[in-house]
Amino acid sequence: MKLATFVADGRERVGVVNGSEIVDVSSIAPNMNSLIADWSNLKDKVARLAADGKPSYQLGAVRLLAPVPRPQKVMAIGLNYADHIAESGAATPEKQIWFSKLPNAVNGPNDPIEMPKASSAIDYEAELVFVIGKRCRHVTKEKAPDVIFGYAAGNDISVRDWQFHTTQWLVGKSFDTHAPFGPVIVTADEIGDPHALGIRCLVNGELRQNSNTKNLVFNCFDQIAYLSQAMTLEPGDIVFTGTPGGVGQSMKPPRLLRAGDTVRVEIDKIGAIEARMVPEA
(Lines give C-alpha, C1' and ligand atoms only; values in the text may rest on other atoms or scores of the structure.)
Protein backbone atom coordinates (compact mmCIF):
# COMPACT_ATOMS: atom_id res chain seq x y z
CA MET A 1 0.00 0.00 0.00
CA LYS A 2 1.19 3.52 -0.77
CA LEU A 3 0.30 6.02 1.96
CA ALA A 4 0.64 9.79 1.78
CA THR A 5 -0.05 12.95 3.74
CA PHE A 6 -1.52 15.68 1.57
CA VAL A 7 -3.34 18.98 1.59
CA ALA A 8 -6.68 19.34 -0.18
CA ASP A 9 -9.44 21.90 0.34
CA GLY A 10 -7.20 23.69 2.81
CA ARG A 11 -6.87 20.73 5.16
CA GLU A 12 -4.16 18.20 5.94
CA ARG A 13 -5.31 14.67 5.15
CA VAL A 14 -4.07 11.08 5.01
CA GLY A 15 -4.59 9.05 1.87
CA VAL A 16 -3.88 5.91 -0.12
CA VAL A 17 -2.39 6.45 -3.56
CA ASN A 18 -4.03 4.41 -6.32
CA GLY A 19 -2.44 5.25 -9.65
CA SER A 20 -3.25 8.87 -10.46
CA GLU A 21 -5.70 9.24 -7.57
CA ILE A 22 -5.41 9.55 -3.83
CA VAL A 23 -8.22 8.23 -1.62
CA ASP A 24 -8.83 10.19 1.57
CA VAL A 25 -8.78 7.88 4.61
CA SER A 26 -8.72 10.64 7.23
CA SER A 27 -12.02 9.38 8.62
CA ILE A 28 -10.11 6.35 9.88
CA ALA A 29 -7.02 8.14 11.22
CA PRO A 30 -6.55 11.92 11.47
CA ASN A 31 -2.81 11.86 10.74
CA MET A 32 -0.03 9.52 9.65
CA ASN A 33 1.42 9.05 13.15
CA SER A 34 -1.88 7.75 14.51
CA LEU A 35 -2.39 5.55 11.45
CA ILE A 36 1.05 3.96 11.86
CA ALA A 37 0.67 3.50 15.62
CA ASP A 38 -2.62 1.58 15.22
CA TRP A 39 -1.91 -0.02 11.85
CA SER A 40 -2.63 -3.59 12.93
CA ASN A 41 -6.21 -2.58 13.80
CA LEU A 42 -6.74 -0.10 10.95
CA LYS A 43 -5.09 -1.80 7.98
CA ASP A 44 -8.19 -3.70 6.80
CA LYS A 45 -10.44 -0.65 7.17
CA VAL A 46 -8.00 1.45 5.16
CA ALA A 47 -7.83 -1.23 2.46
CA ARG A 48 -11.63 -1.39 2.17
CA LEU A 49 -11.99 2.38 1.94
CA ALA A 50 -9.19 2.58 -0.61
CA ALA A 51 -10.86 -0.13 -2.71
CA ASP A 52 -14.13 1.81 -2.62
CA GLY A 53 -12.26 4.79 -4.00
CA LYS A 54 -14.29 7.52 -2.31
CA PRO A 55 -13.68 10.27 -1.48
CA SER A 56 -10.73 10.72 -3.81
CA TYR A 57 -8.68 13.47 -5.42
CA GLN A 58 -6.51 13.61 -8.49
CA LEU A 59 -2.94 13.25 -7.32
CA GLY A 60 -1.83 16.14 -9.48
CA ALA A 61 -4.38 18.45 -7.86
CA VAL A 62 -3.16 18.09 -4.26
CA ARG A 63 0.01 19.10 -2.44
CA LEU A 64 1.94 16.19 -1.00
CA LEU A 65 3.55 16.82 2.37
CA ALA A 66 6.29 14.72 3.94
CA PRO A 67 4.47 11.44 4.64
CA VAL A 68 5.19 11.91 8.35
CA PRO A 69 5.15 15.72 8.65
CA ARG A 70 6.08 15.84 12.35
CA PRO A 71 8.29 12.88 13.29
CA GLN A 72 9.62 12.70 16.83
CA LYS A 73 13.05 11.57 15.60
CA VAL A 74 14.92 11.88 12.30
CA MET A 75 18.05 9.75 12.49
CA ALA A 76 20.66 9.43 9.75
CA ILE A 77 23.73 7.26 9.26
CA GLY A 78 26.93 8.47 7.64
CA LEU A 79 29.55 6.74 5.45
CA ASN A 80 27.38 3.73 4.68
CA TYR A 81 28.12 2.89 1.01
CA ALA A 82 31.60 1.68 0.02
CA ASP A 83 31.84 3.99 -3.01
CA HIS A 84 30.89 7.02 -0.93
CA ILE A 85 33.44 6.05 1.73
CA ALA A 86 36.10 5.79 -0.98
CA GLU A 87 35.31 9.17 -2.53
CA SER A 88 35.32 10.74 0.95
CA GLY A 89 38.84 9.43 1.62
CA ALA A 90 37.67 7.84 4.85
CA ALA A 91 38.21 4.39 6.29
CA THR A 92 35.31 1.96 6.39
CA PRO A 93 33.68 2.51 9.80
CA GLU A 94 33.90 -0.30 12.32
CA LYS A 95 30.92 1.16 14.18
CA GLN A 96 27.86 2.87 12.76
CA ILE A 97 28.20 6.67 12.51
CA TRP A 98 24.96 8.36 13.54
CA PHE A 99 23.70 11.94 13.57
CA SER A 100 20.29 13.55 13.68
CA LYS A 101 18.47 15.79 11.27
CA LEU A 102 16.15 17.87 13.42
CA PRO A 103 12.41 17.93 12.65
CA ASN A 104 12.55 21.53 11.36
CA ALA A 105 14.45 20.13 8.35
CA VAL A 106 11.54 17.90 7.27
CA ASN A 107 10.19 18.99 3.90
CA GLY A 108 7.62 17.82 1.38
CA PRO A 109 8.72 15.62 -1.53
CA ASN A 110 8.25 18.33 -4.14
CA ASP A 111 8.54 21.48 -2.05
CA PRO A 112 11.36 23.96 -2.76
CA ILE A 113 14.63 23.45 -0.86
CA GLU A 114 16.27 26.56 0.55
CA MET A 115 19.77 27.74 -0.31
CA PRO A 116 20.54 29.35 3.07
CA LYS A 117 22.01 32.82 3.39
CA ALA A 118 24.71 31.39 5.65
CA SER A 119 26.36 29.20 2.99
CA SER A 120 26.66 28.33 -0.68
CA ALA A 121 28.17 24.87 -0.06
CA ILE A 122 24.94 22.89 -0.47
CA ASP A 123 25.05 19.24 -1.53
CA TYR A 124 22.62 16.43 -2.33
CA GLU A 125 22.57 12.88 -0.90
CA ALA A 126 20.04 10.39 -2.28
CA GLU A 127 18.94 7.97 0.44
CA LEU A 128 16.52 5.18 1.19
CA VAL A 129 14.39 6.16 4.19
CA PHE A 130 12.53 3.76 6.43
CA VAL A 131 9.73 4.50 8.89
CA ILE A 132 9.43 2.80 12.27
CA GLY A 133 6.06 1.11 12.77
CA LYS A 134 6.16 -0.10 16.38
CA ARG A 135 7.41 1.19 19.70
CA CYS A 136 10.45 -0.94 20.35
CA ARG A 137 13.73 -1.32 22.24
CA HIS A 138 16.57 -3.86 22.05
CA VAL A 139 15.45 -5.30 18.71
CA THR A 140 17.60 -8.08 17.28
CA LYS A 141 18.69 -7.93 13.65
CA GLU A 142 16.48 -10.97 12.97
CA LYS A 143 13.40 -9.24 14.41
CA ALA A 144 14.14 -5.82 12.86
CA PRO A 145 11.94 -6.35 9.76
CA ASP A 146 8.93 -6.63 12.08
CA VAL A 147 9.27 -3.03 13.29
CA ILE A 148 9.64 -1.33 9.90
CA PHE A 149 6.36 0.14 8.71
CA GLY A 150 7.52 1.14 5.24
CA TYR A 151 9.97 2.95 3.01
CA ALA A 152 10.36 6.26 1.19
CA ALA A 153 12.90 8.19 -0.88
CA GLY A 154 14.88 10.93 0.86
CA ASN A 155 17.48 13.59 0.19
CA ASP A 156 19.93 14.28 3.00
CA ILE A 157 20.68 17.86 1.95
CA SER A 158 23.98 18.89 3.53
CA VAL A 159 25.56 22.29 4.17
CA ARG A 160 29.13 21.14 3.77
CA ASP A 161 31.07 23.97 5.39
CA TRP A 162 28.75 24.03 8.41
CA GLN A 163 28.81 20.21 8.56
CA PHE A 164 32.55 20.31 9.23
CA HIS A 165 32.72 23.34 11.52
CA THR A 166 33.00 20.69 14.23
CA THR A 167 33.11 16.90 14.41
CA GLN A 168 29.37 16.97 15.22
CA TRP A 169 27.37 17.10 11.97
CA LEU A 170 23.97 17.96 13.45
CA VAL A 171 23.77 21.67 12.59
CA GLY A 172 25.10 21.30 9.06
CA LYS A 173 22.51 18.60 8.42
CA SER A 174 19.54 20.36 10.02
CA PHE A 175 18.98 23.59 8.11
CA ASP A 176 15.31 24.33 7.36
CA THR A 177 13.87 22.24 4.46
CA HIS A 178 16.94 20.00 4.27
CA ALA A 179 15.24 16.64 4.97
CA PRO A 180 12.74 16.12 2.15
CA PHE A 181 11.30 12.62 1.83
CA GLY A 182 8.39 10.81 0.22
CA PRO A 183 6.54 10.97 -2.10
CA VAL A 184 4.73 8.24 -0.16
CA ILE A 185 5.40 5.53 2.38
CA VAL A 186 5.35 2.19 0.60
CA THR A 187 4.45 -0.37 3.23
CA ALA A 188 7.10 -2.99 3.96
CA ASP A 189 4.98 -5.88 2.67
CA GLU A 190 4.89 -4.27 -0.78
CA ILE A 191 8.64 -3.59 -0.90
CA GLY A 192 9.82 -7.07 0.01
CA ASP A 193 13.62 -7.03 0.22
CA PRO A 194 14.72 -3.42 0.92
CA HIS A 195 18.29 -4.34 0.06
CA ALA A 196 17.75 -4.85 -3.67
CA LEU A 197 16.52 -1.41 -4.78
CA GLY A 198 18.12 0.79 -7.41
CA ILE A 199 18.76 4.32 -6.10
CA ARG A 200 19.59 7.37 -8.22
CA CYS A 201 20.04 11.13 -7.97
CA LEU A 202 19.76 13.49 -10.93
CA VAL A 203 20.63 17.18 -10.95
CA ASN A 204 19.02 19.10 -13.81
CA GLY A 205 18.47 15.75 -15.51
CA GLU A 206 22.13 14.67 -15.21
CA LEU A 207 22.67 11.36 -13.43
CA ARG A 208 24.99 12.00 -10.47
CA GLN A 209 24.38 8.99 -8.20
CA ASN A 210 23.49 5.49 -9.40
CA SER A 211 23.70 2.54 -7.03
CA ASN A 212 21.70 -0.16 -5.27
CA THR A 213 20.74 -0.63 -1.63
CA LYS A 214 22.48 -4.01 -1.70
CA ASN A 215 25.67 -1.95 -1.32
CA LEU A 216 24.82 -0.65 2.16
CA VAL A 217 27.65 -1.33 4.62
CA PHE A 218 25.22 -1.56 7.55
CA ASN A 219 21.81 -2.54 6.19
CA CYS A 220 18.43 -1.41 7.50
CA PHE A 221 18.19 -4.27 9.98
CA ASP A 222 21.71 -3.67 11.31
CA GLN A 223 20.73 -0.06 11.86
CA ILE A 224 17.65 -0.90 13.92
CA ALA A 225 19.56 -3.42 16.02
CA TYR A 226 22.17 -0.77 16.81
CA LEU A 227 19.89 2.23 17.42
CA SER A 228 17.39 0.34 19.54
CA GLN A 229 20.08 -0.50 22.07
CA ALA A 230 20.38 3.23 22.81
CA MET A 231 16.88 4.59 22.41
CA THR A 232 13.24 3.62 22.26
CA LEU A 233 12.10 3.84 18.65
CA GLU A 234 8.58 5.17 18.20
CA PRO A 235 5.97 4.77 15.44
CA GLY A 236 6.64 7.44 12.82
CA ASP A 237 10.35 7.85 13.57
CA ILE A 238 12.32 8.38 10.36
CA VAL A 239 15.71 6.86 9.47
CA PHE A 240 17.91 8.00 6.56
CA THR A 241 20.06 4.99 5.65
CA GLY A 242 23.08 6.55 3.93
CA THR A 243 24.06 7.80 0.48
CA PRO A 244 26.05 6.18 -2.35
CA GLY A 245 28.98 7.70 -4.22
CA GLY A 246 28.59 10.64 -6.54
CA VAL A 247 27.97 13.53 -4.15
CA GLY A 248 28.86 16.97 -5.45
CA GLN A 249 31.51 17.75 -2.86
CA SER A 250 33.67 14.77 -3.91
CA MET A 251 33.77 15.65 -7.61
CA LYS A 252 36.89 17.27 -9.00
CA PRO A 253 36.24 20.12 -9.06
CA PRO A 254 33.28 20.05 -6.63
CA ARG A 255 29.84 20.44 -8.22
CA LEU A 256 27.62 21.77 -5.47
CA LEU A 257 24.03 22.90 -5.85
CA ARG A 258 23.01 26.35 -7.04
CA ALA A 259 19.76 28.30 -6.90
CA GLY A 260 17.55 27.19 -9.77
CA ASP A 261 18.88 23.61 -9.86
CA THR A 262 16.37 20.77 -9.83
CA VAL A 263 17.28 17.74 -7.73
CA ARG A 264 15.53 14.41 -8.21
CA VAL A 265 15.90 11.23 -6.12
CA GLU A 266 14.49 7.98 -7.53
CA ILE A 267 14.24 4.59 -5.81
CA ASP A 268 12.86 1.44 -7.40
CA LYS A 269 9.39 0.37 -6.15
CA ILE A 270 8.99 3.69 -4.29
CA GLY A 271 9.01 6.51 -6.83
CA ALA A 272 10.70 9.88 -6.92
CA ILE A 273 10.96 13.16 -5.07
CA GLU A 274 11.98 16.27 -6.97
CA ALA A 275 12.62 19.81 -5.77
CA ARG A 276 13.93 23.12 -7.01
CA MET A 277 16.70 24.90 -5.13
CA VAL A 278 15.62 28.42 -4.17
CA PRO A 279 17.24 31.27 -2.21
CA GLU A 280 16.25 31.45 1.44
CA ALA A 281 13.30 33.81 1.82
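The values are calculated or read from the model by the stated rules, or taken from the named source; none is laboratory data. Quick caveat: nothing in here was measured; it's all calculated off a predicted structure. Backbone-built Cβ (ideal geometry, glycine too); neighbour counts: all protein chains shown. In case anyone asks, the SASA skips ligands and DNA or RNA and just uses the protein heavy atoms, side chains included. Shrake-Rupley method; radii C 1.70, N 1.55, O 1.52, S 1.80 Å.
When the stretch 124-266 is described by a simple charge dipole with +1 on each Lys and Arg Cβ and -1 on each Asp and Glu Cβ, the residue from F181, T243, L256 located farthest towards its positive end is L256. Residue-normalised convex hull volume from the C-alpha trace of the stretch 157-210: 147 Å³ per residue.
So, counting K/R as plus one and D/E as minus one, what does the shell of residues with Cβ under 13 Å around V159 add up to?
Value of the local net charge: -3.
Overall, the accessible surface of the stretch 199-266 at a probe of 1.4 angstrom is composed of carbon and sulfur to the extent of 47 percent. Viscosity 0.692 mPa s, temperature 37 °C: what is the translational diffusion coefficient of the stretch 122-230 from Stokes-Einstein with a Kirkwood Rh over Cα pairs, rounded to a whole number of µm²/s? Here the translational diffusion coefficient equals 214 µm²/s. Of the solvent-accessible surface of the stretch 1-150, computed with a 1.4 Å probe over protein heavy atoms with every protein chain present, carbon and sulfur atoms account for 50 percent.
This model, with +1 at the C-beta of Lys and Arg and -1 at the C-beta of Asp and Glu, gives the chain a dipole about its Cα centre of some 240 debye.
With N the number of residues in the chain, Rg(Cα) / (2.2 N^0.38 Å) evaluates to 0.96.
What size of dipole, in debye to the nearest 20, comes out for the stretch 103-218 about its Cα centre when the only charges are +1 on Lys and Arg C-beta atoms and -1 on Asp and Glu C-beta atoms?
Here the stretch 103-218 has a charge dipole of around 340 debye.
Compute the accessible area per residue over the stretch 1-160, keeping the other protein chains in place, probe 1.4 Å, unit Å².
Working: 6840 Å² over 160 residues.
On a per-residue basis, 43 Å².
Taking amide H positions as modeled 1.01 Å from N, with prolines and chain starts lacking one, the residues under 5 Å from D261 and 5 or more places away or on another chain are M277. Note on the stretch 129-281: lysine pairs with Cα distance below 29 Å, sequence gap of 8 or more or different chains, count 14. At a probe radius of 1.4 angstrom, the accessible area of the stretch 184-231 per residue rounds to 39 square angstrom.
Once both labels are positioned 7 Å from their Cα atoms along Cα-to-Cβ, the gap between K134 and N204 label points is 4.8 nm. Rounded to the nearest 10 degrees, the angle from helix 39-52 to the longest Cα principal axis of the chain is 70 degrees.
Packing order of peptides 89-99, 25-35, highest average first: 25-35, 89-99 (average count of other Cβ atoms within 10 Å over each peptide's residues).
For E190 and R258 in one chain, what is 0.36 nm times their gap in residues minus the Cα-Cα distance, to one decimal in nm? Spell out each step's value before the answer.
Values: separation 68, 0.36 × 68 = 24.48 nm, distance 3.61 nm.
Extra length from E190 to R258 when fully extended: 20.9 nm.
Taking all protein chains as they are arranged and a probe of 1.4 Å, the heavy atoms of H138 leave approximately 120 Å² accessible to solvent. For L79, the residues 5 or more places off, or on other chains, whose built amide H falls under 5 Å of its own are T243.
Placing unit charges on the Cβ atoms of the charged side chains and taking the dipole of the chain about its Cα centre, the candidate lying farthest along the positive direction among V23, V203, A105 is A105. For the stretch 202-281, the Cα gyration tensor yields ellipsoid semi-axes of 28, 16, 14 Å (square root of five times each eigenvalue, largest first, whole Å). Taken one residue at a time, the phi angles of the stretch 210-223 give Karplus couplings (6.51, -1.76, 1.60, θ = phi - 60°) of 8, 8, 8, 5, 5, 8, 4, 6, 10, 6, 4, 6, 4, 5 Hz. Gly and Pro are set to x.
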